[in-house]
Amino acid sequence: MTRATLTLDLVDEQDLPEPLRELATRVARSAADATGLRGAVALRICSDAEMRQLNGQFRDVDKPTDVLAFPPDGAGTGSDPESVGDVALSYERVVRQGQAHGHGTEREFAYLVTHALLHLAGFTHDDAEEYRRMRNVEEEILASIGLTRDPVPAA
């Protein structure tokens, strides 16, 4: 039995370390298994400046953000008929947020790619129930590739 796949086509990834390129493939495979999402996703690695421009253009928010997901009917998607959407990700934010959250660049990168792929699969976090559902699937995907969260110590 041949399994359909979800592929990530990296765009402007010249500064992205090779281990993160490989991690993106593992995340895509696990996200496809968890959601059934199949096809191609263009993953664009951006600067904060570019993310600010995209956030302003598509969300009318004049500040940088960490990740944006554009479904196939969105303005960011190219002409690939197999496309399930596009993702823009700020590598600067990946590094900063990974340090700030104390779990490092690898987990932050995997988390943000996972988060964006779940949006492309139809997940939202508009209310508390949807948020919990999405967070649970995110953590399942991350755990499946060995990136579990350390338990929060009791106060």
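The values are calculated or read from the model by the stated rules, or taken from the named source; none is laboratory data. Nothing here was measured: the structure is a model prediction, and the numbers come from that model. Cβ: placed from backbone, ideal geometry, glycine included. Neighbour counts: every protein chain shown.
Answer yes if at least one residue in the stretch 58-70 is over 22 Å from GLY146 (Cα atoms), touching an Asp or Glu at 6+ places or on another chain (Cβ under 7 Å), modelled with pLDDT of 95 or more and surrounded by fewer than 18 Cβ atoms within 10 Å (Cβ to Cβ), and no otherwise. Looking through the stretch 58-70, none of the residues is over 22 Å from GLY146 (Cα atoms), touching an Asp or Glu at 6+ places or on another chain (Cβ under 7 Å), modelled with pLDDT of 95 or more and surrounded by fewer than 18 Cβ atoms within 10 Å (Cβ to Cβ).
Checking the structure you have, find out if any residue of the stretch 32-47 is among the β-branched types (Val, Ile, Thr), in contact with a strand residue (DSSP E or B) (Cβ under 8 Å, 6 or more places away or on another chain) and not in a loop (DSSP other than H, G, I, E, B). Give the derivation first.
Here is the first cut: in the stretch 32-47, the ones among the β-branched types (Val, Ile, Thr) are 35, 41, 45.
From what's left, in contact with a strand residue (DSSP E or B) (Cβ under 8 Å, 6 or more places away or on another chain): 41, 45.
Among the residues that remain, those that are also not in a loop (DSSP other than H, G, I, E, B) are: 41, 45.
Checked the stretch 32-47: at least one residue is among the β-branched types (Val, Ile, Thr), in contact with a strand residue (DSSP E or B) (Cβ under 8 Å, 6 or more places away or on another chain) and not in a loop (DSSP other than H, G, I, E, B).
Taken over the stretch 1-29, the residue count meeting the criterion of being of a type in the set (S, T, N, Q) and either assigned to a strand (DSSP E or B) or touching a Leu at 6+ places or on another chain (Cβ under 8 Å) (or both) is 2.
Could you tell me which of the residues ARG107, ARG132, ARG149, ARG96 is among the basic types (Lys, Arg) and surrounded by fewer than 12 Cβ atoms within 10 Å (Cβ to Cβ)?
On the way: ARG107 fails: surrounded by fewer than 12 Cβ atoms within 10 Å (Cβ to Cβ); ARG149 fails: surrounded by fewer than 12 Cβ atoms within 10 Å (Cβ to Cβ); ARG96 fails: surrounded by fewer than 12 Cβ atoms within 10 Å (Cβ to Cβ).
So the residue among ARG107, ARG132, ARG149, ARG96 that is among the basic types (Lys, Arg) and surrounded by fewer than 12 Cβ atoms within 10 Å (Cβ to Cβ) is ARG132.
Of the set (1) over 19 Å from ARG26 (Cα atoms); (2) in contact (Cβ under 8 Å) with a residue 12 or more places away in the chain, all apply to ASP126 but (2). A search for C-beta distances below 9 Å between a residue of the stretch 77-89 that is farther than 14 Å from LEU37 by Cβ and at pLDDT 65 or above and any residue that is in a loop (DSSP other than H, G, I, E, B) and not basic (Lys, Arg), counting only pairs 6+ apart in sequence or on different chains, returns ALA88/THR65; ALA88/GLY76; LEU89/ASP66.
Taking first residues from the stretch 132-149 that are touching a residue at least 24 places away in the same chain (Cβ under 8 Å) and partners that are surrounded by 14 or more Cβ atoms within 10 Å (Cβ to Cβ) and polar (S, T, N, Q), the Cβ contacts under 6 Å between residues at least 6 apart in sequence or on separate chains come to GLU138/THR114; ILE141/SER30; ILE141/THR114; SER144/SER30; ILE145/SER30.
Search the stretch 14-37 for residues being buried (at least 18 other Cβ atoms within 10 Å of the Cβ) and within 15 Å of LEU89 (Cβ to Cβ), and hand back the single one that is farthest from the chain's Cα centre (by Cα). Across the stretch 14-37, the extreme among qualifying residues is LEU16. Within the stretch 38-59, residues that are under 8 Å from LEU89 (Cα atoms) sit with their Cβ atoms under 6 Å from residues that are in a loop (DSSP other than H, G, I, E, B) and among the β-branched types (Val, Ile, Thr), at 6+ positions apart or across chains, in these pairs: MET51/THR65. Taking the criterion of being of a type in the set (Lys, Arg) and more than 19 Å from GLU50 (Cβ to Cβ), the only residue of the stretch 89-110 that qualifies is ARG107.
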